[in-house]
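Worksheet: one structure, shown below.
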Amino acid sequence: MDDKRQPMSGDPQVQPDPLLLTAQGLSKAFGGIQAVNDAEIHVPQGQIVGLIGPNGAGKTTLFNLLCNFIAPDHGRIIFDGQPIERLPPHKIALQGMIRTFQVARVLSRLSVLENMLLAAPHQTGEKLQNTFFQTHTIRKQEQQLKEKAHVILESVGLAAKVNDYAGALSGGQRKLLEMARGLMADPKLMLLDEPAAGVNPTLIQQICGHVKRWNDNGITFLIIEHNMDVIMSLCDRVWVLAEGQNLAVGTPAEIQSNTEVLEAYLGQ
């Protein structure tokens, strides 16, 4: 991927993108195990940022801290200019930070379309009194959301599965559904946890294509991924964790040639 957003060193005409997400001093211990230790990460608006590291490096724990699925012992998290480390996960999602999981979480006994519709925030019909006094508004909104869901599902190749149970989808299709469902919330930032894990090569290419297109349309990404081809082809910048601590940060080319990374992550 062309490094279209990184300013050339010393070029006064090119300004770096503002930070959409910044976290500093994040720490989390489980009993006597320090899973994340004084870690930081910065995600500029409009970029695709990678997060890599060996197994047990603390990557998913860091994701959980950023979304407050797990409360940090210490640290500060700023998203879109606002501190969020004390907000519950659903309020962080409402502010525009959406995450996926290593194993896609879908509502198996609901249809693909129902999964999509449930993800849309601020629905008028969520409040009981509105079901009596704003029925016209509710019906209009439901129709608009169905149309939006169909457009998104068409874009990820799941239009033919719209009425199928989500539990009947393949693992790769579930990952596509989870990402598509996230788009229903009009996210500013999507945190993808190993989107290529367990997915066949053809579908991996499709997922990468979707991420690039969504990024071109204004969505920022932070991606955990063990598939180095995915990370190196997608990302503008890559952060490396090892034993819960920051090890390196740089462009994909810089990370590929970093001797500390090669030793810690690639085993060389």
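Bear in mind these aren't lab numbers, they're just calculated from the coordinates by the rules spelled out. Please read all numbers here as calculations on a predicted model, not as lab measurements. Please note: Cβ atoms are built from the backbone with ideal geometry, for glycine as well, and neighbour counts cover all protein chains shown.
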Using a Förster radius of 51 Å, what is the FRET efficiency between residue 144 and residue 243 based on their Cβ-Cβ separation? Nearest 0.05, please.
0.60
Check the straight Cα-Cα distances from residue 146 and name the aspartates and glutamates below 14 Å, setting aside those fewer than 8 residues away within the same chain.
114, 154
In terms of the charge dipole of the chain, which places +1 on Lys and Arg and -1 on Asp and Glu at the beta carbon, the residue among 226, 44, 119 farthest towards the positive end is 119
Checking the cross-link filter: which aspartates and glutamates have an alpha carbon closer than 20 Å to that of residue 28, excluding same-chain neighbours under 8 positions apart?
38, 40, 73, 85, 193, 243
In nm, spacing of pseudo-spin labels at residue 213 and residue 151 (7 Å Cα→C-beta vector):
1.3
Residue 253-residue 107 FRET efficiency (beta carbon distance; Förster radius 30 Å; 0.05 resolution)
0.15
